[in-house]
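Peer 1: What follows is a single structure, and I will ask about it in a moment.
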Amino acid sequence: MLHLTLDGFGGLRSRYDDIRLVQELLEEVPARLGLQPVMPPMLMPYYNGVEPDDCGISAFVFLAGGHFTVHTFSFREVYYADLVSRDVFEPEQAGLLLKRALPSETTHLAAVGRARTAQHKDAAVHPEEDFGPHLMINIEGYTGPKTMDGLFELFDNLPERIDMTPIMRPYVMPSVLPDGSRVLSAMTMIAESHIALHYFEATGRAFFDIFSCKFFDVDGVLAELKAAFPGESHETRLIARGRGYTAYRTERSAEYDRTRAWLPTRPSRA
């Protein structure tokens, strides 16, 4: 498994708000890389969220045993993309395709191996310097929910358990790899970004990740996740997303308030 991350800063807000462009990106990138999607792209415009300035588009597509997500934060003029695949692809080519569609003043591209490794070094996450943490968990001997209904119920309740904000009901989808083995994938979009899992039936392995633009207590969330996704062993990796992002903006607060001006006018239910 290879997990590609790309963080872009200082792009054009009009592109980050372009639904058609984001949909074409989710269709074109897997095709150019020779990866197999197992669903059409799912897009969620999100403009009135928990944080007034965290507005834009969240989108994803399941691949056979992986996923491709794009989160744009148009007002902040940043975007984040993740491409997870068991099939071999060229990270630099993927990065070039993303940069062409969503050009930015600066980008950070990284390829994270999700195979078992003897050692790795977690990144220190700094709220004053970064956009948010990305927590990855490789689970050996996964013993959590293994049915579509079971994973749907778990993902439907998981955001609240870890103090995140769902913006859609979960997607759970089976797929079959070329060798005939089965994979069960689950995804839910949260206001903070996304939560995903891929369970490989033949090997008993599962690959989980959560990306959040909200900083959280990693140890506390990890304990909850290990309880939700039990297994023989859990290998974790923490990386910082948006390293060096310091352009936090608050100008949208007044616009955010206007979108809720109707709330005090509602008749009381008392």
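Peer 1: Can you list, bin by bin at 5 Å, the percent of alpha carbon pairs in the chain, starting at 0?
Peer 2: All Cα pairs, binned at 5 Å, distribute as 1, 5, 13, 17, 20, 17, 13, 7, 4, 2, 1, 0, 0 percent.
Peer 1: Between residue 47 and residue 169, what is the label-point separation in nm under the 7 Å Cα-to-beta-carbon projection?
Peer 2: So the label points at residue 169 and residue 47 sit 2.5 nm apart.
Peer 1: Rank-order 204-217, 155-168, 80-93 by packing density, defined as the average count of other C-beta atoms within 10 Å over each peptide's residues, highest first.
Peer 2: My ranking of the peptides, most packed first, is 204-217, 80-93, 155-168.
Peer 1: If you don't mind, there's one more thing I want to ask. Please list, or write none, the aspartates and glutamates whose alpha carbon is within less than 16 Å of the alpha carbon of residue 226, excluding same-chain residues fewer than 8 places away.
Peer 2: 140, 160, 163, 209, 217, 235
Peer 1: Once you charge only the Cβ atoms, +1 for Lys and Arg and -1 for Asp and Glu, what is the size of the charge dipole of the chain about its Cα centre, to the nearest 20 debye?
Peer 2: Around 360 debye, computed over the chain.
Peer 1: By how many nm would the segment from residue 157 to residue 39 lengthen if fully extended, with 0.36 nm per residue of separation less the alpha-carbon distance? Don't skip to the answer; put the middle values down first.
Peer 2: On the way: separation 118, 0.36 × 118 = 42.48 nm, distance 2.35 nm.
Gain in length upon complete extension: 40.1 nm.
Peer 1: Using a Förster radius of 35 Å, what is the FRET efficiency between residue 236 and residue 12 based on their Cβ-Cβ separation? Nearest 0.05, please.
Peer 2: Efficiency, rounded to the nearest 0.05: 0.45.
Peer 1: Compute the acute angle (0 to 90°) between the alpha-carbon long axis of helix 218-228 and the principal axis of greatest extent of the alpha-carbon atoms of the chain; round to the nearest 10°.
Peer 2: Helix 218-228 sits at roughly 50 degrees to that axis.
Peer 1: Where does helix 91-101 land angle-wise versus the long Cα axis of the chain, in degrees 0 to 90, nearest 10?
Peer 2: Compared with the principal axis, the helix lies near 20 degrees.
Peer 1: Express in whole angstrom the spacing between the alpha-carbon centres of the stretch 207-227 and the stretch 40-103.
Peer 2: Between the Cα centre of the stretch 207-227 and that of the stretch 40-103, the gap is 20 Å.
Peer 1: Arrange the peptides 189-196, 144-151, 234-241, 174-181 so that the one whose residues have, on average, the most other Cβ atoms within 10 Å appears first. Let's see the in-between values first.
Peer 2: On the way: 189-196: 24.4, 144-151: 15.5, 234-241: 18.9, 174-181: 11.9.
Result, highest mean Cβ count within 10 Å first: 189-196, 234-241, 144-151, 174-181.
Peer 1: Over all distinct alpha-carbon pairs, what is the Kirkwood Rh of the stretch 23-119 in angstrom?
Peer 2: One decimal place: 14.4 Å for the Kirkwood radius.
Peer 1: Say R0 is 41 Å: what FRET efficiency, to the nearest 0.05, do residue 227 and residue 20 get from their beta-carbon distance?
Peer 2: So, using R0 = 41 Å, E works out to roughly 0.50.
Peer 1: Give me a comma-separated list of calculated 3J(HN,Hα) values for the stretch 167-174, in order, Karplus coefficients 6.51, -1.76, 1.60 applied at θ = phi - 60°, integers in Hz, x for any Gly or Pro.
Peer 2: Each residue's phi maps through the Karplus curve to give 10, 7, 6, x, 9, 10, 8, x Hz.
Only the coordinates and a few stated rules stand behind these numbers; no lab work does. Source: prediction; values computed, not measured. All Cβ positions, glycine included, derive from the backbone under ideal geometry; neighbour counts span all protein chains shown.
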